[in-house]
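A short write-up of the structure that comes next.
The values are calculated or read from the model by the stated rules, or taken from the named source; none is laboratory data. The structure displayed is predicted, hence computed values, not measured ones. Here the Cβ is made from the backbone with ideal geometry for all residues, glycine too, and neighbour counts use every protein chain on show. Keep in mind that these areas ignore ligands, DNA and RNA; they rest on the heavy atoms of the full protein, side chains included. Shrake-Rupley method; radii C 1.70, N 1.55, O 1.52, S 1.80 Å.
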Amino acid sequence: MSKYEQSRGNHVQQSNGYHQIGFAMTCRSWEEYIRMFALQESDLSSASLVDVAAGAASFTASALERGIDATAVDPLYALDQQSVLQHAREELAQSGAKIAALKQRMDWSYYGSYERYQERREQSLAKFTASFTDPVQKDRYIAAGLPTLPLQDDRFSLVLCSHLLFLYEQELDAAFHMASILELLRICRPGGQIRIYPLFNLAYQPYSKMEQLLTELSGTGAQISWKNTRLPFIPGSKQLLCITKALEK
Ligand SMILES: C[S@@+](CC[C@H](N)C(=O)[O-])C[C@H]1O[C@@H](n2cnc3c(N)ncnc32)[C@H](O)[C@@H]1O
């Protein structure tokens, strides 16, 4: 298990990162999630998964294909289906152009090239589209947003949140982050785990209120640990945060 590395200052020193107004609705794939969250596929077959801030990611679609109990949550699912898909397609084009402009700064060791990156995203969006529009899977896509989720207490063994918390720290304050993590803990079963990535903001700097958040979290009995991501891409962003919910007393 790795130690948190913010204090070592091994991140990239730069102030201008990915320019974004409002929230992007990106569409990462199963493989990106597995690598990003340092998951072992073999551990997931009996898990109950929830992807919070799932956007157009195809992680839930792929999990459902594998017979895994999986749910995706995003406030944009409140829109009608065609608007959600339109939003995701526009985002794919826009984010592609932004990444192309940042090409020199990103770590391409996993994707290989910008073209391959964009191709994978297109494939992932197609998978999301098929699952999201499948009436059989309707209940697996829940329109809701942090910090209040209409989900049962202790429902999931693994709670994932990719590219919302920490990333948008200019728009989402420390109180929102704390309330959101408490909500993720509420829906996580005792002994289950929350994993959050990245721990960097859009300027590609570490989340500035991490120490405060960890201090506040220490009162919950949850256990904090760090893992190394296996999805190199954001410059200097190597770790994810794991929060294990305490077993009931
Ligand atoms: C950058 S996307 C990430 C999508 C996906 N997790 C991925 O990694 O490709 C951020 C998502 O967060 C969603 N979002 C915005 N505010 C939210 C909130 N309060 N609670 C949950 N999700 C939210 C947006 O609608 C958007 O789909």
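Numerical summary
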read-out	value
Global geometry of segment 19-126, whether rounded, prolate or oblate, following the gyration tensor of its Cα atoms and the 1.5 cut on a/c	oblate
Label-point gap, in nm, between residue 19 and residue 97 - each point 7 angstrom along Cα→Cβ	1.1 nm
Ellipticity estimate at 222 nm from DSSP helix runs (n ≥ 4, -39,500 (n - 2.57)) divided over the chain, nearest 500	-9500 deg cm²/dmol
Whole-angstrom Cα spans of segment 124-249 along principal axes, big to small	44, 41, 27
Two-site label geometry, residue 148 and residue 115: point separation in nm, points 7 Å out along Cα→Cβ	4.9 nm
Descending semi-axes in whole angstrom, ellipsoid equivalent of the chain, from the Cα gyration tensor	25, 24, 17
DSSP-loop trypsin sites (Lys or Arg not before Pro) across segment 18-113, with at most 16 other Cβ within 10 angstrom	66, 103, 105
Relative contact order of the chain, pairs being alpha-carbon contacts under 8 Å that are 6 or more residues apart, as %	27 percent
GluC sites (Glu not before Pro) lying in DSSP loop within segment 165-245, provided at most 15 other Cβ fall within 10 Å	171
Rg over Rh, two decimals, segment 137-177 (C-alpha only, Kirkwood Rh)	1.00
Cα-based shape type of segment 97-185, given that a ≥ b ≥ c are square roots of the gyration tensor eigenvalues and the cut on a/c is 1.5	oblate
Student exercise, the chain dipole from Lys, Arg, Asp, Glu Cβ charges, in Debye to nearest 20	600 debye
Cross-link table 127/245; 98/238; 209/238; 98/138, entries beyond 23 Å C-alpha to C-alpha	127/245; 98/138
Sites matching chymotrypsin sites (Phe, Trp or Tyr not before Pro) across segment 30-81 that sit in DSSP coil, with at most 10 neighbouring C-beta atoms within 10 Å	none
Rounded accessible area per residue of segment 3-244, 1.4 Å, Å²	43 Å²
DSSP H segments from the chain that extend 15 Å or more along their own axis, Cα-based, with Kyte-Doolittle mean of -1.0 or above	81-101, 174-187
Percent accessible area from carbon and sulfur atoms, the chain, protein chains only, probe 1.4 Å	50 percent
Residue 122 versus residue 175: modelled label distance in nm, points set 7 Å from Cα along the beta carbon direction	4.5 nm
Surrounding net charge for residue 46, when Lys and Arg each add one and Asp and Glu each subtract one, Cβ distance under 14 Å	-1
